[in-house]
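In what follows, a structure is listed as structure tokens, so that the remarks can point back to it.
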Amino acid sequence: DALPSLLHEREFQLGTLNKVFASQWLNHRQVVCGTKCNTLFVVDVLTGQINRIPILKDRQPTILNQQGCGIHAIELNPSRTLLATGGENPNSLAIYRLPTLDPVCVGRSEE
């Protein structure tokens, strides 16, 4: 019964950012989040500081009717050295290096 008393709910003000669709813990104090407005950011749960991460663009232009789909998935590899999520184009896969979140590459699937 001690665990519930250790947990405390905390609300963060996201400003102009829209709904969070996906998130993953990076470490004990940072969570990476993807939003409906196609924004990727890291929030420090201890300080509330939010840092936006640039969305990777592929070489093909985004089709206008596909914009605004949002980021629906964020995954870390088992060794926690890479992060995969959507790119600017909904058909893109963006890879970032952890813990720095430096861009590695972007790929695209043609359906």
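The table below gives the values:
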{"item": "Count - residues of the range 7-51 that are open to solvent by 100 Å² or more (accessible area, probe 1.4 Å) and either more than 14 Å from the chain's Cα centre (by Cα) or at pLDDT below 95 (or both)", "result": "11"}
{"item": "Residues (among the charged types (D, E, K, R) and under 18 Å from THR39 (Cβ atoms)) located in the range 85-101", "result": "GLU88"}
{"item": "Residue list for the range 4-34, restricted to those being touching a Phe, Trp or Tyr at 6+ places or on another chain (Cβ under 6 Å) and not small (Gly, Ala, Ser)", "result": "VAL31, CYS33"}
{"item": "The range 7-31 residues that are among the basic types (Lys, Arg), paired with ones that are surrounded by 11 or more Cβ atoms within 10 Å (Cβ to Cβ) (beta carbon under 6 Å, 6 or more apart)", "result": "LYS19/LYS36; ARG29/ASP44; ARG29/VAL45"}
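The values are calculated or read from the model by the stated rules, or taken from the named source; none is laboratory data. Keep in mind that this is a model prediction, so the values were computed, not measured. Glycine gets a Cβ as well: all are built from the backbone with ideal geometry, and neighbour counts include every protein chain shown. For the accessible areas, the whole protein counts, side chains as well, though only heavy atoms, and no ligand, DNA or RNA atoms are used. Shrake-Rupley method; radii C 1.70, N 1.55, O 1.52, S 1.80 Å.
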